Amino acid sequence: MKSCCSLLIVSIMPARKASLEIVAYASISAKMTLNWCERNSIHIIDSLVMMTVFSFLAGNCDNHLKNLSLAYSADYQSIRLAPAYDQVSTAIYEFDREMELRIGSMRLIDDIRREDFAQLGKSLKVSSRKMLEILDSMRDGLDTALK
């Protein structure tokens, strides 16, 4: 397993390690897909979208590149996004309401709107309709689970 942070450091941006936390999901997923994951790119993007939506809904503002990892098959012929980990609600703390990775163009969790998810979807080459369906489905599922 390799973290997406180390994947980017090694493969894409070796001289820019310090600036990794400001890289948008779109560039992460596009570079990951183009350089490493062509066979499984649709599944990886779908997983990335669901992890992003979950982090938002859970108030996990600390979802950074080191919390995203790729899992390789034993023969290294396939790659997938590893299951989510380190999913903690940090938004309850007033000092930690800024998302580590943007959703659309927004970082402050209180300012993120549906159109920001649509914008993120567009940059991931996921239709706005599909992106918003995922957002609505996960939000409704969370709402039902909490009742």
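The values are calculated or read from the model by the stated rules, or taken from the named source; none is laboratory data. Since this is a predicted model, take the numbers as computed values, not measurements. Heads up, the Cβs are rebuilt from the backbone with ideal geometry, glycines too, and the neighbour counts pull from every protein chain shown. Please note that ligands, DNA and RNA were not included when accessible areas were found on the heavy atoms of the full protein model with its side chains. Shrake-Rupley method; radii C 1.70, N 1.55, O 1.52, S 1.80 Å.
Residue pairs whose Cβ atoms lie under 8 Å apart, sitting 6 or more positions apart in sequence or on different chains, and linking a residue in the range 34-52 that is at pLDDT 85 or above to a partner that is polar (S, T, N, Q) and not in a loop (DSSP other than H, G, I, E, B), are LEU48/SER29.
I want to confirm something. Restricting to the range 92-121 and keeping residues that are in contact with a strand residue (DSSP E or B) (Cβ under 9 Å, 6 or more places away or on another chain) and not in a strand (DSSP E or B), which single residue is farthest from MET50 (Cα to Cα)? Among residues in the range 92-121 that are in contact with a strand residue (DSSP E or B) (Cβ under 9 Å, 6 or more places away or on another chain) and not in a strand (DSSP E or B), the one farthest from MET50 (Cα to Cα) is ARG97. Quick one: is LYS17 of a type in the set (D, E, K, R), touching a helix residue (DSSP H, G or I) at 6+ places or on another chain (Cβ under 6 Å), open to solvent by 50 Å² or more (accessible area, probe 1.4 Å) and modelled with pLDDT under 85? For LYS17, the condition - of a type in the set (D, E, K, R), touching a helix residue (DSSP H, G or I) at 6+ places or on another chain (Cβ under 6 Å), open to solvent by 50 Å² or more (accessible area, probe 1.4 Å) and modelled with pLDDT under 85 - is met. The residues listed here are GLU133, GLU100; of these, the one that is surrounded by 16 or more Cβ atoms within 10 Å (Cβ to Cβ), under 17 Å from the mean Cα position of the chain (by Cα) and of a type in the set (D, E, K, R) is GLU100. Going by what's in this entry, would ARG102 be described as in contact (Cβ under 8 Å) with a residue 24 or more places away in the chain and within 15 Å of ASN60 (Cβ to Cβ)? Yes; evaluated as a whole, the condition is true for this residue.
Please verify whether SER73 is polar (S, T, N, Q), more than 15 Å from LEU57 (Cα to Cα), surrounded by 14 or more Cβ atoms within 10 Å (Cβ to Cβ) and without any contact (Cβ under 8 Å) to a residue 60 or more places away in the chain, treating the condition exactly as stated. The answer is no for SER73.
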